Protein chains: 2
Amino acid sequence: MDIAALREAHPEHWMKAAAIRTLTLDAVAAANSGHSGMPMGMADIATVLFEKHLKFDPKNPLWPDRDRFIVSNGHGSMLLYSVLYLTGYEGMSLQDIKDFRQWESATPGHPEYNHSPGIETTTGPLGQGIANSVGFAIAEESLRARWGKKIMDHRTWVFAGDGCLMEGVSQEAIALAGHQKLGNLTVFFDHNSITIDGPTSLADSTDQCERFSASGWHVQKIDGHDPVAIDEAIEAAKADPRPSMIQCETHIALGSAAQDTAKGHGALTDDKVVADAKAAYGWDAPAFEIPADIKSQWESMGERGAAAHAEWNERIGALSDAKRAEFERSFDREAPKALSGRIKALKKQISEEGPKVATRKSSEMVLEVVNPVMKETLGGSADLTGSNNTKTGDLGIFSPEDRKGRYIHYGIREHGMAAAMNGLASHGGVKPYGGTFFCFTDYARPAIRLSALMGVPVIYVMTHDSIGLGEDGPTHQPVEHLAMVRATPGLLTFRPADTVETAEAWEIALSQTKKPSVLALTRQGLPTVRTKHTTKNLTAQGAYVLAEAENKRRVILMASGSEVEVAMEAKKALEAEGIGTRVVSVPSMELFREQDEAYRKRVLPAGPVRVAIEAGVRQPWDWLLLGERGREQKAAFVGMDSFGASAPAEVLFEKFGITAGHTVEKAKALLG
Amino acid sequence: MDIAALREAHPEHWMKAAAIRTLTLDAVAAANSGHSGMPMGMADIATVLFEKHLKFDPKNPLWPDRDRFIVSNGHGSMLLYSVLYLTGYEGMSLQDIKDFRQWESATPGHPEYNHSPGIETTTGPLGQGIANSVGFAIAEESLRARWGKKIMDHRTWVFAGDGCLMEGVSQEAIALAGHQKLGNLTVFFDHNSITIDGPTSLADSTDQCERFSASGWHVQKIDGHDPVAIDEAIEAAKADPRPSMIQCETHIALGSAAQDTAKGHGALTDDKVVADAKAAYGWDAPAFEIPADIKSQWESMGERGAAAHAEWNERIGALSDAKRAEFERSFDREAPKALSGRIKALKKQISEEGPKVATRKSSEMVLEVVNPVMKETLGGSADLTGSNNTKTGDLGIFSPEDRKGRYIHYGIREHGMAAAMNGLASHGGVKPYGGTFFCFTDYARPAIRLSALMGVPVIYVMTHDSIGLGEDGPTHQPVEHLAMVRATPGLLTFRPADTVETAEAWEIALSQTKKPSVLALTRQGLPTVRTKHTTKNLTAQGAYVLAEAENKRRVILMASGSEVEVAMEAKKALEAEGIGTRVVSVPSMELFREQDEAYRKRVLPAGPVRVAIEAGVRQPWDWLLLGERGREQKAAFVGMDSFGASAPAEVLFEKFGITAGHTVEKAKALLG
């Protein structure tokens, strides 16, 4: 690459872009770790985008109608931190840049949502950003349809590398975006032909333009270092009604000795390499110093959005108080006042009527009362709508023809769905929930983890939550999945026992502002166990005494979901033999863990023997069986220690011994 | 669809295909569950494939040089069971067909590997089969290069539906197969335009031919009900050096009232629907009865391969005894005799030299002694070769130009890699291992579960196994992943503490015939803790006393991996205060669980207080802290209860309190 020619062709642009490159070099050298190559390769694109196109206001990083800028190749975080600093974001100082990758700094190794201003989503696990972006773009379309173009009219811009495009989730995202004709979405593909192992030709021969085109995208190929070409491509992308992919031919680690090599992907920390690169750039300022004229050009980019933001403020100010309050409530992720009453009414009705119903169906009953009063919900399913019971009649289907539709057919794309929901929730103003089989939590797992890490209140509606799924067999029967979700920090897991607990779980999940929830729901019908109405949300305590011992209390049975019925039957049998048995329903271990010790002790006193019943593995139950005043000699588990099998559900529960009879046997054995 | 015209055009073919369709209708009706649509839609393709092309011998379903037939759209299992029965596989009787989806039947809801003859891999979770097939095809290429065309020369055939192609993992598979020019791989895409939610147009607009073509595939579009077109397309696919995708325009649930509808995807059980479909087929035999002439035509297809198999037997018989033994050993998944000696020698050397080394590097040291004596290993990494230390100098790179290469650059495709490894292992004759960061177990998770469910000895080399990864931050730092893998039935998890334990873990993993293994390895250097050589493999016991108390034993410290060093330091400090402390290393909980109680009690006697130390969540440790004679009042955990952070590793261990000092503090607090 002839750096001198690039400098000469566009000298002003060049120095602005060089500011990103040199900040990256300095920060990586100071941290002695990080990724220099991407920011050095994509600096030109970022400069043109921020200078001429991106709608943003560094003084108001949460302006709802800002453009979203997503760095899907998140290892290039220094590009993002550089432009945030250069354009004048508060909370991104030069000192923050100097503290790159240090404890509690504003500048962690990869961009982290909510950690610093201007970070729209957490990226680093490859492919996530581009898949999030589909959610961002859908949110924008949906909110534009709801609130009008004056309130919501912005674009989503994505930087993505080879890694993002090799990850399968990108295909799910590309196909969904193309199908949904998300014209406000633009992806810049950093086509530098280098990955960590070496040239991309070691592992890939895909023509990415052809691939995107196959899913209905507008595609362009440009020189990613030519500011004029970049600008023209962006204009063309804006003019086209399809989502756009711009394949940018770039040089990783541009201008350094490591340019165009795998070494250039990582941390360039050698003094001479850094010095030589700066010399090639014509950059003679000391480390971490941006010459005043260059800084001021960047700051004026940052000021460009202020006027647009002020006009937007006027427009939103012109809305009625009620509308504005509703807009703000949805962006604040607050549940509407009506929610609690609706849930209570449903609970009361169910407790009185006591229907036998699968909790996936219970979930639908809840959604039927919730969706009409929470217009921000956006439901969906990964092609299991009728099985997940996620669609209510009022929603309408989101499509290119109907942007007011609130139900998304995500296709057979669990991972893409979860990642899109992270984008929806991060965007704000909408509250996403989406369904698949609980077993396919596996497919969505990388994005579910990010929901938890980001702290976005996505709701996962995971039905068919055990061997109760029946004949489809072990490939579709979750066994270890409750352990997996419960082991994940920051994630709420609910396994409700009946419709009342399902309603309570939904109420808690819908009221979260910073935590995602997983609802594990049955395929098979369950009796109503909460036959006495309480206005109080008992599920919020995580575990509670569902049925007290009638005889002298010698046994505590703990269970969740469909096994609460088993516990209740076992209690009946034990009581018939004079053995007093308490049944504790455990819809959410995380919430029980948060209760004070006095409460936990009331629910699980020392003394009685304990049997836990759950059609999953024992691992998460050791805490409640052996801990919380439990004792090894007085504890047993009824559940799974292998994969399931293909047979009718009732046969499976019998064969795997998840029955009242087996529970009674275990309890009595413990009593001696 | 004009069924009558189809019947008339190819009457013999029609009735053979109708046998698949009617067996499916009868079995699904009897089970009252299942999926009728795919077998009814793809019966013509299966018939032509089995009649004219597939190399197979029902009398010898494990013939190593057979073609592999993969039903990636595994819900269409009745197609597979039907042809296995029709062509005369032992172990697939008419009674088995009648027992479809019943307890312990040969015919579970989805095809399960090793469960019945002729099932090459477990499918059902969509996209897995097509991704496995890349491994099958690579295995064939690799073995052909090693053993010659006379011994290994077969093809891989895949049936796949819209669901498989919407799943992201299919993109990883397609791109890898195209890049590797796997010309012996053919995918039949069941283009019926229907998914569970309705028409595919609800969620997808992708031109699949264009998409496959973008990754270097040969593509064709045909009428999937025209046997002549099917045959010609197969011939063209065979003639082309690229992998082939044949887009077959088909009608789901062909000939039934549910044809071309989402209802047709599932179980057609209505008597009239079944009867009408059979009438349309011109089929008048009673349920489950195949007219003798049709059965005999199918059986003669099954006999077609016997001659080829006999010739192959002659060719393999002509090999030297040593070569044949080596061939059989590799297909029997047996470790070579030399393995044990090599491992022992390495252990001895390390115990004597006591180097400080990261266990990812230890793993490379092991591979350096193993790969030369296990020619069946096929290593690889998802673009983290230098970080995972998975490549040894002797392997060579597998590529279209060098099929003898034993190292696969999988690209940034963790899921595709894991699924391909399942295919490699299922194929037999090769032993796959592959690396990524432990955190990205998440991406590979659906395929890792299938390794365990299938019982294939794939080895996952998962490096950077904790916050010890450092600056890259929480997106790259596993916290819950040890809990996840340990919760998964049938999976062996190893977290070795030094090079000696790493060698032992590899020895165990390489000796497995039915269990996959996960090796969780550090980024950071660890001291050798096994400084006294033992020929015995101590890791095989799962947990063992690494260092006995010097003073009166009052504390047991348990730890795995990098935290064993912390435990050893804490022991030193405690002993200095006169507190006798035993250190128990726990490289594999699964293997410790398998030990008899006497041994477990010797390692973990009642009495002393216990502190477990692991840079992950506590969940899997409750068993050893509170169970196994443990007591809540005498147990504590030093580990993680949140996500990690971005900072240098040593800072993180300090900030998160995973230190000897903190361990000592906890132990002393328990002692009171």
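If a residue counts only when it is away from every other protein chain (no Cβ under 14 Å) and open to solvent by less than 30 Å² (accessible area, probe 1.4 Å), which helices (runs of 4 or more DSSP H) contained entirely in the stretch A:159-269 have at least 3 such residues?
It comes to A:227-239.
Filter the stretch B:126-158 down to the residues that are open to solvent by 10 Å² or more (accessible area, probe 1.4 Å) and part of a loop (DSSP other than H, G, I, E, B), then identify the one that is nearest to B:Ala46 (Cα to Cα).
Top of the filtered list is B:Arg155.
For the structure I just gave you, tell me whether B:Gly434 is outside any loop (DSSP other than H, G, I, E, B) and in contact with a strand residue (DSSP E or B) (Cβ under 6 Å, 6 or more places away or on another chain).
Yes; evaluated as a whole, the condition is true for this residue.
Could we say that B:Gly405 is open to solvent by less than 30 Å² (accessible area, probe 1.4 Å), free of Cβ contacts under 8 Å to residues at least 40 places away in the same chain and in a loop (DSSP other than H, G, I, E, B) here?
yes
Test A:Ser363 against the stated conditions and say whether it is open to solvent by less than 30 Å² (accessible area, probe 1.4 Å), in the same structural domain as A:Val458 (by TED's automatic domain parsing) and closer than 19 Å to A:Leu143 by Cα.
Answer is no for this residue.
Would you confirm whether or not the stretch B:367-385 contains a residue that is outside any loop (DSSP other than H, G, I, E, B), over 17 Å from B:Leu424 (Cβ atoms), modelled with pLDDT of 95 or more and open to solvent by 60 Å² or more (accessible area, probe 1.4 Å)?
So far as the stretch B:367-385 goes, yes, one or more of its residues are outside any loop (DSSP other than H, G, I, E, B), over 17 Å from B:Leu424 (Cβ atoms), modelled with pLDDT of 95 or more and open to solvent by 60 Å² or more (accessible area, probe 1.4 Å).
Looking at (1) in a helix (DSSP H, G or I); (2) farther than 29 Å from B:His110 by Cα; (3) within 11 Å of chain B (Cβ to nearest Cβ), can you tell me which one A:Leu652 breaks?
Tallying (1) in a helix (DSSP H, G or I); (2) farther than 29 Å from B:His110 by Cα; (3) within 11 Å of chain B (Cβ to nearest Cβ), A:Leu652 fails exactly one: (2).
Pairs only if they're at least six apart or on different chains, beta carbon under 8 angstrom, first in the stretch A:327-341 and within 12 Å of A:Lys375 (Cα to Cα), second in a helix (DSSP H, G or I) and small (Gly, Ala, Ser); list them, first residue then second.
Note: pairs meeting the criteria are A:Ala335/A:Ser511; A:Leu339/A:Ser511.
Filter the stretch B:614-630 for residues that are outside any helix (DSSP H, G or I) and without any contact (Cβ under 8 Å) to a residue 24 or more places away in the chain; which is nearest to the other protein chains (Cβ to nearest Cβ)?
B:Gly627
For the stretch A:39-76, how many residues meet the condition of being within 14 Å of chain B (Cβ to nearest Cβ) and either open to solvent by 10 Å² or more (accessible area, probe 1.4 Å) or free of Cβ contacts under 8 Å to residues at least 12 places away in the same chain (or both)?
1
Which is touching a Lys or Arg at 6+ places or on another chain (Cβ under 7 Å) and either in the same structural domain as B:His481 (by TED's automatic domain parsing) or surrounded by fewer than 19 Cβ atoms within 10 Å (Cβ to Cβ) (or both), of B:Ala669, B:Ala635, B:Ala606?
Unique residue meeting the criteria: B:Ala606.
Among (1) open to solvent by 20 Å² or more (accessible area, probe 1.4 Å); (2) modelled with pLDDT of 95 or more, there is one condition B:Asn114 misses while meeting the rest; what is its number?
(2)
Going by what's in this entry, would B:Met374 be described as in contact with a strand residue (DSSP E or B) (Cβ under 7 Å, 6 or more places away or on another chain), away from chain A (no Cβ under 13 Å) and of a type outside the set (Gly, Ala, Ser)?
For B:Met374, the condition - in contact with a strand residue (DSSP E or B) (Cβ under 7 Å, 6 or more places away or on another chain), away from chain A (no Cβ under 13 Å) and of a type outside the set (Gly, Ala, Ser) - is met.
Looking at the structure I just gave you, is B:Asp332 open to solvent by 70 Å² or more (accessible area, probe 1.4 Å), under 26 Å from B:Pro432 (Cα atoms) and at pLDDT 95 or above?
So B:Asp332 fits the description; yes.
So is B:Ile448 touching a strand residue (DSSP E or B) at 6+ places or on another chain (Cβ under 8 Å) and outside any helix (DSSP H, G or I) or not?
no
Mind telling me which of the residues B:Leu510, B:Leu492 ends up being outside the structural domain of B:Met640 (by TED's automatic domain parsing), under 16 Å from B:Ile343 (Cα atoms) and not aromatic (Phe, Trp, Tyr)?
Just one listed residue meets the conditions, B:Leu510.
Go through (1) without any contact (Cβ under 8 Å) to a residue 60 or more places away in the chain; (2) assigned to a loop (DSSP other than H, G, I, E, B); (3) within 14 Å of chain B (Cβ to nearest Cβ) and name the single condition A:Ala549 misses.
Just one mismatch for A:Ala549, condition (3).
Could we say that B:Glu575 is surrounded by fewer than 18 Cβ atoms within 10 Å (Cβ to Cβ), among the charged types (D, E, K, R), over 30 Å from B:Arg329 (Cα atoms) and touching a helix residue (DSSP H, G or I) at 6+ places or on another chain (Cβ under 9 Å) here?
Answer is no for this residue.
Take the conditions outside any loop (DSSP other than H, G, I, E, B) and either assigned by TED's automatic domain parsing to the domain that holds B:Leu49 or in contact with a helix residue (DSSP H, G or I) (Cβ under 8 Å, 6 or more places away or on another chain) (or both) and apply them to B:Tyr113. Does it pass?
When the stated conditions are applied, B:Tyr113 does not pass them.
Please go through (1) more than 10 Å from every other protein chain (Cβ to nearest Cβ); (2) open to solvent by less than 10 Å² (accessible area, probe 1.4 Å); (3) aliphatic (A, V, I, L, M) for B:Met640 and return the number of the only condition it doesn't satisfy.
Against the list (1) more than 10 Å from every other protein chain (Cβ to nearest Cβ); (2) open to solvent by less than 10 Å² (accessible area, probe 1.4 Å); (3) aliphatic (A, V, I, L, M), B:Met640 comes up short only on (1).
Restricting to the stretch A:77-111, name every residue that is among the basic types (Lys, Arg) and crowded, with 22+ Cβ neighbours inside 10 Å.
Passing the criteria: only A:Arg101.
The values are calculated or read from the model by the stated rules, or taken from the named source; none is laboratory data. Note that the structure is a prediction, hence the values are computed from the model and not measured. Heads up, the Cβs are rebuilt from the backbone with ideal geometry, glycines too, and the neighbour counts pull from every protein chain shown. For the accessible areas, the whole protein counts, side chains as well, though only heavy atoms, and no ligand, DNA or RNA atoms are used. Shrake-Rupley method; radii C 1.70, N 1.55, O 1.52, S 1.80 Å.
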